[in-house]
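The values are calculated or read from the model by the stated rules, or taken from the named source; none is laboratory data. Fair warning: this is a prediction, and the values are worked out from it, not measured in the lab. FYI the Cβ positions are ideal-geometry reconstructions off the backbone, even for glycines, and counts take in every protein chain you see. Side chains are part of the model used for accessible areas, which takes the heavy atoms of the whole protein and leaves out ligands, DNA and RNA. Shrake-Rupley method; radii C 1.70, N 1.55, O 1.52, S 1.80 Å.
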Amino acid sequence: MSGPPRAAAGEPRAWVESFNRFSRWIGFGNRGVIADNDPIEQEKAMKFDALLTNAVIFHNALGIAEIVRQLLEEGWEIDPEDLAHISPYLTEHINRFGEYRTHELDIQPEAYDPKLDVDFTLLREQDLIAAGLGQAA
């Protein structure tokens, strides 16, 4: 039998299921039921849910990147294989029913720095080999 093992073949499905579970958790109101029969209102509700979900995922990714940067500055060695297993679908720090500070809305955030000093080429090569597109060394 050639090709990736069954567990690896189901991996994309697992990521989609994780995203959908996270999205349902974010959009907790009315248990995901869109109560309006107007197609335009339904589309707006779906787009708002997707926007909110993606904003929280981006917020989580920024937090993860900041922690990785701090660990690198402290001298820790970061294995890209370990980072590959970190999910951006974190919920523990989100208070859906809490108080939100609006007086901070006028504060200009720092510029986003997408650079992490972690070499991901090994992971990329492993993915290509697993997909049958690369050659094993």
- Condition broken by Thr102, with the remaining ones in (1) farther than 18 Å from Trp25 by Cα; (2) polar (S, T, N, Q); (3) touching a residue at least 12 places away in the same chain (Cβ under 8 Å) satisfied: (3)
- Restrict the check to segment 112-122 and report whether at least one residue is outside any helix (DSSP H, G or I), at pLDDT 75 or above and among the hydroxyl-bearing types (Ser, Thr, Tyr). yes
- Can you work out which of the residues in segment 12-28 that are surrounded by 10 or more Cβ atoms within 10 Å (Cβ to Cβ) and modelled with pLDDT under 85 is nearest to Lys47 (Cα to Cα)? Gly27
- Members of segment 81-104 found to be part of a loop (DSSP other than H, G, I, E, B) and among the aliphatic types (A, V, I, L, M), listed by number: Ala84, Ile86, Leu90, Ile94
- Within segment 43-70, can you find the residues that are open to solvent by less than 60 Å² (accessible area, probe 1.4 Å) and over 14 Å from Lys115 (Cα atoms)? Ala45, Asp49, Ala50, Thr53, Ala55, Val56, Ile57, Asn60
- segment 84-126 - residue that is more than 29 Å from Ala14 (Cα to Cα) and hydrophobic (A, V, I, L, M, F, W, C) and, of those, least open to solvent (accessible area, probe 1.4 Å): Ala111
